[in-house]
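Following: one structure in structure tokens, then a few remarks.
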Amino acid sequence: MSHLINTTLWEVISQNISETETDWLTQKGNGSPIELMTAFVASPRFLPKKIVNIESAQEHSLHEIVPGFSINGWSLVRLARVWLLTKLDASDKEAFVKNIETLFDTAEMNELVALYSALPVLDFPEQWLFRATDAVRSNMGFVFDAIALHNPYPAKYFSELAWNQLVLKTIFNDKPVHFITGLEERQNENLALVLSDFAHERWAAGRSVAPNVWRLVSKYLNDTLLSDVAHLFHTPHFYNHEAAALVCFDSEYEPAKALLSGYPEFEKSITEGALTWSNLEFTDLNTYVPTLQR
Amino acid sequence: MCQHCKDSSAPNPSHFEAGDGLANSPAHIDMAWSEYNELIKGMRFFDPHIHMVSRTTDDYQAMRQAGIVALIEPSFWVGQPRTGLSSFKDYYSSLVGWERFRSSQFGIKHYCTMGLNSREANNEPLAEQVMEILPLYIYKEGVVGIGEIGFDDQTAAEEKYYRLQLELAKEAKLPVQIHTPHRDKKRGTERSMAIALEHGLDPSWVIVDHNNEETVKSVLDQGFYAAFTIYPFTKMGNERMVKVVEQYGPERIMVNSAADWGISDPLALPKTAALMKMRGIADETIRLVTYQNAIDAFGKSGQIDVSDFEGGLSVEKTEKFHGNSILRGGQQPDVAKDSLVIQ
């Protein structure tokens, strides 16, 4: 996998850098592990600070190789660092793991971002599970984002417990859940039940819950969750009403259907396709401010 | 609430050990900062020496409000002596990790200098190990120099590690930030400079820190940058700083706060700028000593891109820098500190 991916990544990189920069990076990429690791650290000193341009065909072929893997919006340095990691010799597992661990242990913030971004394309994926769950524990927002958002690694390798922590912390940190890769596929009942408790705490504090979060409960409605949905219809914010209607519409739970029938205008706009969860995919969340009743 | 504070407010000389015969009068007594901060409206500041790991979020907010847009956090000792390599490693990592992130949340660009401080250079077995891992950190993004290094007690061990780190700076093409000793300062400063020159360092790549009226002339005459620390009780007061600038002009002079865990002032730069403005010092001179000279000196590292902070470090800028599409959760909201109600 590493070979295919690094060829594709290189194609993108080479379209984004000058000849001298290409020379520097090629030389380091073909160097010994130590040279390569030093280049990983030093790349901001040799590469320009800019966001990578990527063609949709390239984006597509990355998806083909590693489903869900995206470099959209990455800085050139981040991309070059991930490329260097795919060039690191993995033939000796022990040495490879040790080298990656060394990079983690001494990493600054942007290096951590690159390391976590690289997890979906590194060899021996199970080996990085602890690191990955540790990134979810990170309080450095950018580090957390690198594992939690637009990264296919967690959905593929995390246990249910670790996955639920990732989703909950994303919600807790006011980050948009729809940026989590595999959100639909990894839905589960425990998560839905915890979300009910979470919402009750928020409401008790006079705070709110991002409406988009409720998409995670449709499949698992019970009496408690349904009363939460009914509560949403009674909050002052319109987006909550839309979320409640969508939950009911998606659900197979009969009492939910009954609840929705009391709101025919929502049912109509969902049936017509005018109202979908994408209407509620906000990125500027601020659920801690009491005056914004979402 | 704290009736005895006044009585017990003996100077707490953390960063600077108490010298002899210090004035006991508190700093900034006559003029209220709140009455003078209008003078520096629109100015921006670069504090090239401040230890944010010891400061609170209140400080970060106050600094940002007062116009501080970027800072350098030199690595130093943390009060409690370190007993193992791991605590050095974690400290260095925090300077390029957690503290950098914390600062970004308040819209302040955070740089640092890396080094083995002089006090802990005296623990030779540990110092050896630190020297082995130091090269891992000096090439990191945003590391703008080797520092703060130099002399404290002026022991042989201090000299040994000072020299080794000067070589490291040369090899890595990084500026050097020199901590000058509190005791026997004048000779310690001269000795630090002589050794730097002996190792072939270009003096314009070396920032000699914690100067006073007694040391400044020689530092400037030999071509070094002279940094002044405005630190209540134990070091320079800002009225003295005004006089230094009046006498020597702005060339190769910079002001810093060196604020740390002791009684120190993270607003030393904006306060000094206001005082300078009041005393009739030209705006351009103020800009040079509280902003531009530090950027010129440490910018030799190639690690300072002023476009990151000159227009303010906005959340959008930070995102772009990290290639990140998240809008919120990056910047800390302003808290209504004067309100009784906490929401």
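Some notes on this structure:
- Output for segment A:20-38, where each listed residue is more than 28 Å from the chain's Cα centre (by Cα), hydrophobic (A, V, I, L, M, F, W, C) and either facing another protein chain (nearest Cβ under 10 Å) or crowded, with 18+ Cβ neighbours inside 10 Å (or both): A:W24, A:L25
- Boolean, A:T22 is hydroxyl-bearing (S, T, Y), over 24 Å from A:T102 (Cα atoms) and modelled with pLDDT of 95 or more: yes
- Subset of segment B:118-134 (residues that are under 18 Å from the mean Cα position of the chain (by Cα) and crowded, with 21+ Cβ neighbours inside 10 Å): B:S118
- Selection count where residues are within 19 Å of B:Y92 (Cα to Cα), assigned to a loop (DSSP other than H, G, I, E, B) and of a type in the set (F, W, Y), scope segment B:120-175: 1
- A:E281 of a type in the set (D, E) and within 19 Å of A:A199 (Cα to Cα): yes
- Enumeration of residues in segment B:165-191 that are farther than 24 Å from B:I133 by Cα and under 19 Å from the mean Cα position of the chain (by Cα): B:T180, B:P181, B:H182, B:K185, B:T189
- Taking segment B:213-223 as the range and being buried (at least 17 other Cβ atoms within 10 Å of the Cβ) and either modelled with pLDDT under 95 or not in a helix (DSSP H, G or I) (or both) as the test, only B:T215 passes.
- Residues that are under 21 Å from A:A80 (Cα atoms) and in a helix (DSSP H, G or I), drawn from segment A:149-165: A:Y153
- Unmet requirement for A:E11, which otherwise passes all of (1) part of a helix (DSSP H, G or I); (2) in contact (Cβ under 8 Å) with a residue 60 or more places away in the chain: (2)
- Scanning segment B:104-139 for residues that are more than 14 Å from chain A (Cβ to nearest Cβ) and of a type in the set (D, E, K, R) turns up B:R119, B:E120, B:E124, B:E128.
- Failed item, numbered, when A:F104 is tested on (1) within 14 Å of chain B (Cβ to nearest Cβ); (2) under 17 Å from the mean Cα position of the chain (by Cα): (2)
- Against the test of being within 14 Å of another protein chain (Cβ to nearest Cβ), crowded, with 19+ Cβ neighbours inside 10 Å and in contact (Cβ under 8 Å) with a residue 12 or more places away in the chain, the options B:G147, B:G142 yield a single qualifying residue, B:G142.
- If the condition is being of a type in the set (D, E, K, R), assigned to a loop (DSSP other than H, G, I, E, B) and in contact with a strand residue (DSSP E or B) (Cβ under 9 Å, 6 or more places away or on another chain), then segment B:224-276 contributes B:K235, B:R252, B:D265.
- Residue that is surrounded by the fewest Cβ atoms within 10 Å (Cβ to Cβ), among those in segment B:152-179 that are more than 14 Å from chain A (Cβ to nearest Cβ) and within 21 Å of B:I253 (Cα to Cα): B:P175
- Among residues of segment A:255-267 that are free of Cβ contacts under 8 Å to residues at least 60 places away in the same chain, those with a Cβ under 9 angstrom from a residue that is assigned to a helix (DSSP H, G or I) and loosely packed, with under 13 Cβ neighbours inside 10 Å, sequence gap 6+ or separate chain, pair up as A:P255/A:D223; A:E267/A:S261.
- Residues that are surrounded by 24 or more Cβ atoms within 10 Å (Cβ to Cβ) and touching an Asp or Glu at 6+ places or on another chain (Cβ under 8 Å) within segment A:78-101 comprise just one, A:R81.
- Residue in segment A:237-248 that is under 29 Å from the mean Cα position of the chain (by Cα) and either of a type in the set (D, E, K, R) or at positive phi (or both) present: yes
- For B:Y91, the conditions (1) hydroxyl-bearing (S, T, Y); (2) in a helix (DSSP H, G or I); (3) farther than 14 Å from B:M52 by Cα are fulfilled apart from (3).
- Taking the criterion of being assigned to a loop (DSSP other than H, G, I, E, B), among the small types (G, A, S) and in contact (Cβ under 8 Å) with a residue 12 or more places away in the chain, the residues of segment B:94-117 that qualify are B:G107, B:G115.
- Total residues in segment A:44-73 satisfying the condition of being of a type in the set (D, E, K, R), within 14 Å of another protein chain (Cβ to nearest Cβ) and outside any loop (DSSP other than H, G, I, E, B): the figure is 1.
- Of all residues in segment B:36-59 being surrounded by fewer than 23 Cβ atoms within 10 Å (Cβ to Cβ) and either of a type in the set (S, T, Y) or within 25 Å of B:Q80 (Cβ to Cβ) (or both), the one that is modelled with the lowest pLDDT: B:Y36
- Exactly one residue among A:V77, A:V82 is in contact with a Leu (Cβ under 9 Å, 6 or more places away or on another chain), facing another protein chain (nearest Cβ under 10 Å) and in contact (Cβ under 8 Å) with a residue 24 or more places away in the chain, and that residue is A:V77.
- Selection status of B:F101, within 14 Å of another protein chain (Cβ to nearest Cβ) and touching a Lys or Arg at 6+ places or on another chain (Cβ under 7 Å): no
- For the criterion of being assigned to a loop (DSSP other than H, G, I, E, B), of a type outside the set (F, W, Y) and touching a residue at least 12 places away in the same chain (Cβ under 8 Å), A:I100 fails.
- Any hit, segment B:251-268, residues being more than 19 Å from B:I50 (Cβ to Cβ), at pLDDT 95 or above and touching a Leu at 6+ places or on another chain (Cβ under 8 Å): yes
- Only one of the numbered conditions (1) exposed (fewer than 15 other Cβ atoms within 10 Å of the Cβ); (2) over 13 Å from the mean Cα position of the chain (by Cα); (3) assigned to a loop (DSSP other than H, G, I, E, B) is not met by A:F130, and that is (3).
- Meets criteria (within 14 Å of another protein chain (Cβ to nearest Cβ) and modelled with pLDDT of 95 or more) for A:V41: no
- Considering B:S86, B:S93, the condition of being farther than 27 Å from B:A226 by Cβ, buried (at least 19 other Cβ atoms within 10 Å of the Cβ) and out of contact with any Asp or Glu (no Cβ under 6 Å at 6 or more places or on another chain) is satisfied by B:S93 alone.
- Qualifying residue in segment B:195-203 (condition: surrounded by fewer than 21 Cβ atoms within 10 Å (Cβ to Cβ) and within 14 Å of chain A (Cβ to nearest Cβ)): no
- Scanning segment A:242-275 for residues that are under 20 Å from A:D228 (Cα atoms), exposed (fewer than 13 other Cβ atoms within 10 Å of the Cβ) and of a type in the set (S, T, Y) yields one hit, A:S261.
The values are calculated or read from the model by the stated rules, or taken from the named source; none is laboratory data. Remember, it's a predicted structure, so these values are computed and weren't measured experimentally. As a convention, Cβ positions derive from the backbone with ideal geometry for all residues, glycine included, and neighbour counts pool all protein chains shown.
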